[in-house]
1. Give the residue that is farthest from G331 (Cα to Cα), with candidates limited to residues of the range 127-151 that are more than 13 Å from the ligand (Cβ to nearest atom) and among the small types (G, A, S).
2. Could you list, in sequence order, all residues of the range 19-68 that are within 16 Å of the ligand (Cβ to nearest atom) and part of a strand (DSSP E or B)?
3. Within the range 71-79, can one find any residue that is of a type outside the set (S, T, N, Q), within 12 Å of the ligand (Cβ to nearest atom) and either farther than 21 Å from I381 by Cβ or not assigned by TED's automatic domain parsing to the domain that holds R190 (or both)?
4. From (1) without any contact (Cβ under 8 Å) to a residue 12 or more places away in the chain; (2) surrounded by 23 or more Cβ atoms within 10 Å (Cβ to Cβ), pick out the condition that doesn't hold for E97.
5. Kindly list the number of the only condition in (1) crowded, with 22+ Cβ neighbours inside 10 Å; (2) in contact with an Asp or Glu (Cβ under 9 Å, 6 or more places away or on another chain); (3) not β-branched (V, I, T) that fails for E206.
6. Out of contact with any His (no Cβ under 8 Å at 6 or more places or on another chain), modelled with pLDDT of 95 or more, among the acidic types (D, E) and within 13 Å of the ligand (Cβ to nearest atom), is that true of E124?
7. Does E97 qualify as being farther than 20 Å from E211 by Cβ and of a type in the set (D, E)?
8. Quick one: S218 ticks every box in (1) in contact (Cβ under 8 Å) with a residue 24 or more places away in the chain; (2) part of a loop (DSSP other than H, G, I, E, B); (3) surrounded by fewer than 17 Cβ atoms within 10 Å (Cβ to Cβ) bar one, so which box is it?
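The values are calculated or read from the model by the stated rules, or taken from the named source; none is laboratory data. Not measured: the values here are computed from a predicted model. Here the Cβ is made from the backbone with ideal geometry for all residues, glycine too, and neighbour counts use every protein chain on show.
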Amino acid sequence: MTRKTVRIAMNGVTGRMGYRQHLVRSILALREQGGLDLGDGTVLWPEPILVGRREHALKALAEQHGLEHVSTDLDAVLADETVDIYFDSQVTSAREEALKKAIAAGKHIYTEKPTATGLDGALELARLANEAGIKHGVVQDKLFLPGLLKLKRLIDGGFFGRILSVRGEFGYWVFEGDWQAAQRPSWNYRAEDGGGIVVDMFPHWEYVLHELFGRVKSVQAIATTHIPQRWDENGKPYDATADDAAYGIFELEGGAIAQINSSWAVRVNRDELVEFQVDGTEGSAVAGLRNCRVQHRSATPKPVWNPDIPATEVFRDQWQEIPDNAEFDNGFKAQWELFLKHVYADAPYHWDLLAGARGVQLAELGLRSSAEGRRLDVPEIAL
Ligand SMILES: NC(=O)c1ccc[n+]([C@@H]2O[C@H](COP(=O)([O-])OP(=O)(O)OC[C@H]3O[C@@H](n4cnc5c(N)ncnc54)[C@H](O)[C@@H]3O)[C@@H](O)[C@H]2O)c1
């Protein structure tokens, strides 16, 4: 077995996503399992270089996890020829410029979504990356969630018949920050800092809908700011200038209609923080992050509308849980593994910067649809 060290510059690892999901649950988890076996006698050993703006925070992280390399000088890290991959989980507004530098330096790119703040920028990144001949990937973690993997299994097995509709419900209450601290960073609520639920969530909905049900052909959305004032990390009040809820309807290729509510101003009365109900001619399913339950046509009750009597059936009990039938790894780690295999073993990989640009496009059109009060076509994009 040959061990190949892979040096990965990780920018934004002090953040929520960068630290928990990408550093700890993906890269460090890979090290804990002894590296990534490529199946050809090579084991990849990821060596992160923690990049950021605050040296003390990076050093504290490195020390906590027994890592050696930190830097506040992105240019110097990118000029280092031993660094193969640049990963970005910075705030969205800082991403485009950093990715451009990394592409120009010839690094392979793996990045959080959204890849840029507008479609033009996202397409330019994809173009530049292709011209530079580097490999590139964009996080599409929801596809690797156990609940959605089970849903995909049902689709592939023909469970639904003709799929009619998809109803997604995503959200939870994000505290305003005055009497209880907010559980999301304040930049999420300022449009001028790249915040907003449409920019955050529509990229996810684009690839979930596209990969499971069909490409999004049109969008009609209302984005709104339900909570206009919030309190930041220092307890200072600020104007929430970004949308904190979006109500979207998406027409899909293949004929299904999807409707997804996304909100940081809703209280959870669901089993999971996101749930998708899929109704088909042969059966229906409700999939969340981890679980998925179904009701087949043959087991569908026949409710009769009569408000004069109490409900006679417990409808939620009439669904059947789909078993795991497999072990599910962390979704972020699963996608990292596929990306590393793509870079070092030429394995196929289609969640690239062009796929990322589709997500940015849907967010951009969603916001425009809301501003203009009309339904908009989503043209297919290509390079
Ligand atoms: N895939 C997912 O499910 C998912 C979920 C949440 C967020 N995200 C994406 O991950 C990225 C980071 O989100 P997060 O919630 O981890 O944010 P965060 O605020 O917790 O972290 C942001 C990181 O960027 C760094 N940074 C660089 N320049 C900055 C600047 N000018 N101002 C403030 N911070 C700066 C911070 O130091 C920190 O390391 C965003 O692009 C977001 O869209 C993805």
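1. A132
2. Across the range 19-68, the qualifying residues are P48, I49, L50, V51.
3. Checked against the condition, which is being of a type outside the set (S, T, N, Q), within 12 Å of the ligand (Cβ to nearest atom) and either farther than 21 Å from I381 by Cβ or not assigned by TED's automatic domain parsing to the domain that holds R190 (or both), the range 71-79 yields at least one hit.
4. Here E97 meets the rest and fails (2).
5. (2)
6. Answer is no for this residue.
7. In short, yes.
8. Among (1) in contact (Cβ under 8 Å) with a residue 24 or more places away in the chain; (2) part of a loop (DSSP other than H, G, I, E, B); (3) surrounded by fewer than 17 Cβ atoms within 10 Å (Cβ to Cβ), the lone unmet condition for S218 is (2).
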